[in-house]
Amino acid sequence: VADFTAGLAPDALYPSYRGGAANRGHVPRTGTGAKLWETPIGGLIWMSAVVDREGNLYTGHADGEFVSLSPEGEVRWRIHDEQMLYMDSTGALGRDGYLYLASTDVDPRGHQNQGRIWKVDPATGDIQWTFWGRHFEDPETNPEAHLSSFFEGNVSLGEENGRVTVY
């Protein structure tokens, strides 16, 4: 597991899916378990949230947005893009200080056949870059096209040659 934990933020409370690369889902218990706050952010939430060392939470929802909430439940920032359909892949906080996210998107003709990996500054929500997945067959010319390049899996991070690698 060491290769797959190398890219995660070592000081984040919950840096990736199920709390880390081992997928154990273990979180140290703190507090009383009572609800602290509730903040509606949009559509259905399928992805697990990740939480940084300050307690800021990062998630996305089915109405096509990524959202960051403060430890008090206040919206810090939102990322919305017209091509985003939904998010169901849990992101990851990298040891390089950035947040990595995945979305399922539509192409300009409205086909749900693309996805993006996003590198985001978690403090501001500024997008550093996106990587588009592309399908191999055109649904306009081939009704049997296999549209499988959208991202439905959780982001994992490693480190190679001193750089964070996204899996």
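The values are calculated or read from the model by the stated rules, or taken from the named source; none is laboratory data. From a predicted model like this one, the values you see are computed outputs, not experimental measurements. Positions of Cβ are generated from backbone atoms using ideal geometry, with glycine treated the same way; all protein chains shown enter the neighbour counts. All accessible areas refer to the heavy atoms of the entire protein, side chains included, with ligands and DNA or RNA removed. Shrake-Rupley method; radii C 1.70, N 1.55, O 1.52, S 1.80 Å.
At positive phi and either surrounded by 12 or more Cβ atoms within 10 Å (Cβ to Cβ) or modelled with pLDDT of 90 or more (or both): does that describe G55? Taking the combined requirement at face value, the residue satisfies it. For segment 42-58, the set of residues classified as in contact (Cβ under 8 Å) with a residue 24 or more places away in the chain and either in a strand (DSSP E or B) or in contact with a Lys or Arg (Cβ under 8 Å, 6 or more places away or on another chain) (or both) consists of S48, V50, V51, N56, Y58, listed by residue number. In segment 104-125, the residues that are under 13 Å from W77 (Cβ atoms) form Cβ pairs under 8 Å with partners that are of a type in the set (K, R) and at pLDDT 95 or above, at six or more places apart or across chains, as follows: G125/R76; G125/R78.
Give me the residue from segment 125-137 that is open to solvent by less than 70 Å² (accessible area, probe 1.4 Å) and part of a loop (DSSP other than H, G, I, E, B) and, out of that set, modelled with the lowest pLDDT. By that ranking, first place goes to H135. For P122, the requirement of being at pLDDT below 70 and either surrounded by 17 or more Cβ atoms within 10 Å (Cβ to Cβ) or touching an Asp or Glu at 6+ places or on another chain (Cβ under 7 Å) (or both) is not met. For segment 138-165: of the residues being part of a strand (DSSP E or B) and open to solvent by 50 Å² or more (accessible area, probe 1.4 Å), which is modelled with the highest pLDDT? Ranking the qualifying residues of segment 138-165, first place goes to R163. Only residues that are at pLDDT below 85 and either surrounded by fewer than 23 Cβ atoms within 10 Å (Cβ to Cβ) or acidic (D, E) (or both) were counted in segment 87-103, giving 1.
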